[in-house]
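Here is the structure we will look at, set down as structure tokens.
The values are calculated or read from the model by the stated rules, or taken from the named source; none is laboratory data. What you see is a predicted model; the values in this text were computed from it and never measured. Ideal geometry is used to build each Cβ from the backbone, glycine not excepted, and the neighbour counts take in all protein chains shown. Protein only, heavy atoms only, side chains kept; ligands, DNA and RNA dropped before computing areas. Shrake-Rupley method; radii C 1.70, N 1.55, O 1.52, S 1.80 Å.
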Amino acid sequence: MRKILFFVSALLVLTSCNGDKKSNQKLLSESSGNLNNLSVVVDNDLWQGKVGEVIRDVMAAPVDGLPQDEPLFSLSQIPTQVFSGFVTKNRTVLRVEVGPNKTSSVKFGKNVYAIPQKVVVVSGKTEDEVVEQLKSNAPKIIEAFKSQEIKEKQRRIKLSLLKIDTIEKALGIKMELPTAYRIAKKDNNFFWLRKDITTGTQNIMLYELPLNAIKQNDSLVQQVIKIRDSIGQVHIPGPTEGTFMITEKAYAPYLFHTTIDDKPVIETKGIWDVKNAFMSGPFINYIIEDKANNRLLVIEGFTFAPSVEKRDYVFELDAIMKSIKID
């Protein structure tokens, strides 16, 4: 009888240990907060000094490709002593710790106080150590928070999806679009999608190019601009006859190399305007190398929203475009 009781007790202990992680996650409440709003947990004296200055320089740096300066993240500073209860539930948290017993490091945590959540803890014995960690790890920290916010935006989009069978069949893709979008133009395998917003429109274009249409050389930016402008002239008319969308010549676009759906991508961010008309806004263009289908797949989002901030509009377009899956 004692052997049976011992066996049952041991089994219960093992089961409870294995289930600790799952049960702890079940106890966590849902995270909250506006998209791209970062909670910065740091003591007031640090926030007002060089540590806070570096945090603002890094985490509130201007977003590339917007017509006016807008920060990567809207920052909300929270003193360490009041970081408890509902305040800990924000989806993205940057925590700074300085003290003689701290090690100089950057640690990335997931679902620490809520689900889903990304927590980054930057620590050091001195302020200088923390500053160095912030500067040297800035790209990783930014990417961790951006990835979390893209996932959250995509989760919200999934709550009400538009059926786009026409596009999926024509281009052999799957993409998650909110129901507020509509097909504004279809011309063979060119598609223009639009959504009305309070001050203008959100727009997405999809089309194909031959696989060899882009050459990886020093003129890559100019090649992208030439393609954009030719597409704009044919497919995106302006408000009057003879006007059409082009790339703003006064500002050089930003160019990056990235991946989408595990495929190489040329990413271009810049400003579009309308030839011979007073209209402009930001765009983000992805040229996806799709060797399996012997083509380049181009997807571009552009925003027309005069007199208002545009960061979150471009962010929505980016989240949609990054959901693309190629068959």
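Quick check: anything in the stretch 287-307 among the aromatic types (F, W, Y), part of a strand (DSSP E or B) and surrounded by 22 or more Cβ atoms within 10 Å (Cβ to Cβ)?
There is at least one residue in the stretch 287-307 that is among the aromatic types (F, W, Y), part of a strand (DSSP E or B) and surrounded by 22 or more Cβ atoms within 10 Å (Cβ to Cβ).
Given the condition without any contact (Cβ under 8 Å) to a residue 12 or more places away in the chain and of a type in the set (D, E), answer yes or no: does some residue in the stretch 176-189 qualify?
no
Among residues belonging to the stretch 115-130 that are β-branched (V, I, T) and open to solvent by 10 Å² or more (accessible area, probe 1.4 Å), point out the one that is nearest to Q148 (Cα to Cα).
Looking at residues that are β-branched (V, I, T) and open to solvent by 10 Å² or more (accessible area, probe 1.4 Å), I get I115.
With (1) out of contact with any Leu (no Cβ under 9 Å at 6 or more places or on another chain); (2) at pLDDT below 95; (3) at negative phi as the list, and W272 as the residue in question, which single condition is left unmet?
Only one criterion is unmet by W272, namely (2).
Just a yes or no: is a residue in the stretch 147-168 out of contact with any Pro (no Cβ under 9 Å at 6 or more places or on another chain), open to solvent by 50 Å² or more (accessible area, probe 1.4 Å), in contact (Cβ under 8 Å) with a residue 40 or more places away in the chain and over 19 Å from R56 (Cα atoms)?
Taking every residue of the stretch 147-168 in turn, none turns out to be out of contact with any Pro (no Cβ under 9 Å at 6 or more places or on another chain), open to solvent by 50 Å² or more (accessible area, probe 1.4 Å), in contact (Cβ under 8 Å) with a residue 40 or more places away in the chain and over 19 Å from R56 (Cα atoms).
Would a scan of the stretch 169-176 turn up a residue that is assigned to a helix (DSSP H, G or I) and open to solvent by 30 Å² or more (accessible area, probe 1.4 Å)?
Within the stretch 169-176, one or more residues are assigned to a helix (DSSP H, G or I) and open to solvent by 30 Å² or more (accessible area, probe 1.4 Å).
Tell me which strands (runs of 3 or more DSSP E) are completely within the stretch 67-142 and hold 2 or more residues being farther than 30 Å from K310 by Cβ, or say none if there are none.
92-98, 105-110, 118-124
With K102, K185 as the choices, which residue is of a type in the set (K, R) and out of contact with any His (no Cβ under 7 Å at 6 or more places or on another chain)?
Every option except K102 fails the conditions.
State all residues of the stretch 93-117 that are in contact (Cβ under 8 Å) with a residue 40 or more places away in the chain and under 25 Å from the mean Cα position of the chain (by Cα); if no residue qualifies, say none.
Listed by number, the residues that qualify are V93, L94, R95, V96, N111, Y113, A114, I115, P116, Q117.
Taking only the stretch 38-66 into account, find how many residues are in a strand (DSSP E or B) and either surrounded by 15 or more Cβ atoms within 10 Å (Cβ to Cβ) or at positive phi (or both).
Adding up the residues that qualify gives 4.
Residues are listed down the side, and each one gets a yes or a no for (1) open to solvent by 20 Å² or more (accessible area, probe 1.4 Å); (2) within 21 Å of V63 (Cβ to Cβ); (3) among the hydroxyl-bearing types (S, T, Y):
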position: E241; (1), (2), (3): yes, no, no
position: Y251; (1), (2), (3): yes, yes, yes
position: F256; (1), (2), (3): yes, yes, no
position: T268; (1), (2), (3): no, yes, yes
position: V274; (1), (2), (3): no, no, no
position: P282; (1), (2), (3): no, yes, no
position: N285; (1), (2), (3): no, yes, no
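Please find, within the stretch 224-239, the residue that is nearest to the chain's Cα centre (by Cα) out of those that are surrounded by 14 or more Cβ atoms within 10 Å (Cβ to Cβ) and either assigned to a loop (DSSP other than H, G, I, E, B) or among the aromatic types (F, W, Y) (or both).
I236
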